[in-house]
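Peer 1: Take this structure, written in structure tokens, and hold onto it; I'll ask about it next.
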Amino acid sequence: MKNSSDVVKEYPLSGDGVVRVYKPFGNEKYIAVVEQHGRYPEAGKTARNHGRSEFSVIISGTFEYCVDGVQTTLKEKDHILVGDGQRYSIEGNGKALVFVTDREGGATLIE
């Protein structure tokens, strides 16, 4: 992750944000740097991990995570695990480092 050419995928995030994916460990274990400003996913929807676990560390800002109906406020240096099968939403402004572990076919579904 020395420079922007190390990014293997970049895509916009709902709520005026961006996700940059780095795969220094291969396709099943990788890192995403998330810059978020607003809610993910959009209002009225939730995300659900399918074959995927995400361990997030807050780099800057403040976030409200709702995981399986439990609300948690996170700020710089706090962390959270969203495991396989869990439903979640995130609202906030800042940056997070996300360590992702996928089984074959792992994905985040928006429901």
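Just so it is clear, none of the values below were taken in a lab; they were calculated from the coordinates. Note that this is a predicted model, so its numbers are computed, not measured. Neighbour counts run over all protein chains shown; Cβ positions are idealised from the backbone, glycine included.
Peer 1: Given an 8 Å cut-off on Cα distances and at least 6 residues of separation, report the relative contact order of the chain as a percent.
Peer 2: Values: 292 pairs, mean separation 34.4, N = 111.
It comes to 31 percent, rounded to a whole number.
Peer 1: Another question, then. So if R0 is 41 Å, what FRET efficiency would Glu104 and Asp68 give, r being the distance between their Cβ atoms, rounded to the nearest 0.05?
Peer 2: 0.95
Peer 1: Once you charge only the Cβ atoms, +1 for Lys and Arg and -1 for Asp and Glu, what is the size of the charge dipole of the chain about its Cα centre, to the nearest 20 debye?
Peer 2: Result for the chain is approximately 200 debye, rounded to the nearest 20.
Peer 1: Over all distinct Cα pairs, what is the inverse of the mean 1/r for region 39-111, reported as the Kirkwood hydrodynamic radius in Å?
Peer 2: 12.3 Å
Peer 1: Can you find, among Gly44, Leu74, Ile58, the residue sitting farthest towards the positive end of the charge dipole of region 1-99, where Lys and Arg contribute +1 and Asp and Glu -1 at Cβ?
Peer 2: Ile58
Peer 1: For the chain, compute the number of Lys pairs whose alpha carbons are separated by less than 22 Å, excluding pairs fewer than 8 positions apart on the same chain.
Peer 2: 13
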